[in-house]
Amino acid sequence: MDKPRKAFTSAKQVAELAGVSRSAVSRTFTPGASVSEETRKRVISASEKLGYHVNHLARGLLRQSSGIVCLVAADTDTPYMSRMIRMLVRSLQQAGKVAMVLESSENVDHALRQTLNYRADATVVLSGTPPQSLIRTCLDNGQRLILINRDDQLSGPHNLSLDNRGAASAALRALLGAGCRRLALVNSEAGTPSLMTRERAFVEEAEKEGLEVVVTRNGHTSYEAGALGARRLLSSREHPDGVFCVTDLLACGFMDAARQEFGLTIPDQLSVIGFDDIEQAGWSSYRLTTFSPNVAALAGRVVELATMAGGAEESHRDLIEVPLVRRDTVRQS
């Protein structure tokens, strides 16, 4: 038979053991509050004996602040997303916040509604685009919303977006500079605003140069989808000589299939550019030329917005440049 769960030690129990008031216990654990040194020592001693820990959640709710920042994300096992979440969690904890990760692969609306149940101070939406009506509900409940790389013109939330159009234009220039004229783009079927912006911008910039881009979209944004893209693009005799993969994970799958299944050499016969600068991009087997978002700076800006004073509806829109990191997958002109 299971033993009944032991209850947490209360501040009242600490006060009784220390021989002080309940408010004295509260002041002892409140930074900057007035309490005598003798009282502080007695409270700390009693707390250590009883194993007492401050209930920050209850304290936060009393002052209308839970200290919770929710991270709503899908594909959390992919290299870029896992790195982003890890950096955000670390940065938020250093700022004294509690980070809560909610999976949104099935339904971003459901995940966002959960953040209201937890009375989150702020929510960072890393995946999916919530409807405007739900955004309004969150704002009306005093929750600050931060959308990452959504590219949507939604009113109310903060929006931190990578310069996807600028990156796509830079990718085209790099491929043209390498002498590529048969261009292709590898995307997934995810249809997220950031991926579609990269696709549209690359195609539009190529059209300005009088060049056509063959686009392939396959499955989830995964290694396997990149390999499938290679099979579809490289089976014809007139296969592309320059390819922009809208994520590094797609690029890694594309490159492996191009080399192992079609016997192509990179970059001599085929130049490839990715996006995200995941750890694998720098591995000797890839040495992928790619665009590198400053994840640490992005996380720092999220913390700044999540903890800033002011109303939930004060909106900021930041466009973040993404530099091109040149490695070995684009021919030198």
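Residues whose amide H falls under 5 Å from that of residue 294, counting only those 5 or more places apart or on a different chain, are absent, with hydrogens built in the peptide plane.
Each label point was placed 7 Å from the Cα along the Cα-to-Cβ direction; for residue 13 and residue 308 their separation is 4.3 nm. A dipole drawn for the chain from +1 and -1 charges on Cβ atoms has a positive end, and of 46, 278, 147 the residue lying farthest that way is 46.
Once both labels are positioned 7 Å from their Cα atoms along Cα-to-Cβ, the gap between residue 22 and residue 34 label points is 2.2 nm.
Loop-only chymotrypsin sites (Phe, Trp or Tyr not before Pro) in the stretch 254-333, please: DSSP not H, G, I, E or B, and at most 11 other Cβ atoms within 10 Å. Passing both the DSSP loop test and the Cβ count: 283. Note on residue 265 and residue 318: their simple-model spin labels are 4.4 nm apart, each label 7 Å out from Cα toward Cβ.
Rounded to the nearest 20 debye, the dipole magnitude of the chain is 1440 debye, with +1 charges on Lys and Arg beta carbons, -1 on Asp and Glu beta carbons, and the Cα centre as origin. Among residues other than residue 302 with Cβ under 11 Å from its Cβ, the summed charge is +1 (Lys and Arg +1, Asp and Glu -1).
Compared with the dominant Cα axis of the chain, that is its longest principal axis, helix 223-234 is turned about 10°. If you take the Cα centroid of the stretch 93-126 and the Cα centroid of the stretch 17-50, the two points sit 34 Å apart. Zone of residue 212 (label point 7 Å along Cα→Cβ, backbone N under 20 Å): which residues in the stretch 173-192? Inside the label zone: 176, 180-187. For the stretch 275-290, 3J(HN,Hα) computed residue by residue from phi via the Karplus equation (6.51, -1.76, 1.60; θ = phi - 60°) reads 7, 2, 6, 5, 3, 4, 4, x, 5, 4, 6, 10, 6, 7, 6, 7 Hz, glycine and proline entered as x.
Based on the alpha-carbon gyration tensor of the stretch 164-293 and its eigenvalue square roots a ≥ b ≥ c, which shape applies: rounded if a/c is under 1.5, prolate if not and a/b is larger than b/c, or oblate? Taking the square roots of the gyration eigenvalues as a ≥ b ≥ c, the stretch 164-293 is rounded.
Given +1 at the Cβ of Lys and Arg, -1 at the Cβ of Asp and Glu and no other charges, the dipole of the stretch 164-293 around its Cα centre is 200 debye to the nearest 20.
The stretch 261-333 and the stretch 175-206 have Cα centres lying 15 Å from one another. Of the residues 234, 29, 135, the one whose Cα sits farthest toward the positive end of the charge dipole of the chain, with +1 on the Cβ of Lys and Arg and -1 on the Cβ of Asp and Glu, is 29.
Values quoted throughout were computed directly from the atomic coordinates according to the rules given, and no laboratory measurement underlies them. The shown structure was predicted, so the numbers you read here are calculated from the model rather than taken from an experiment. Heads up, the Cβs are rebuilt from the backbone with ideal geometry, glycines too, and the neighbour counts pull from every protein chain shown.
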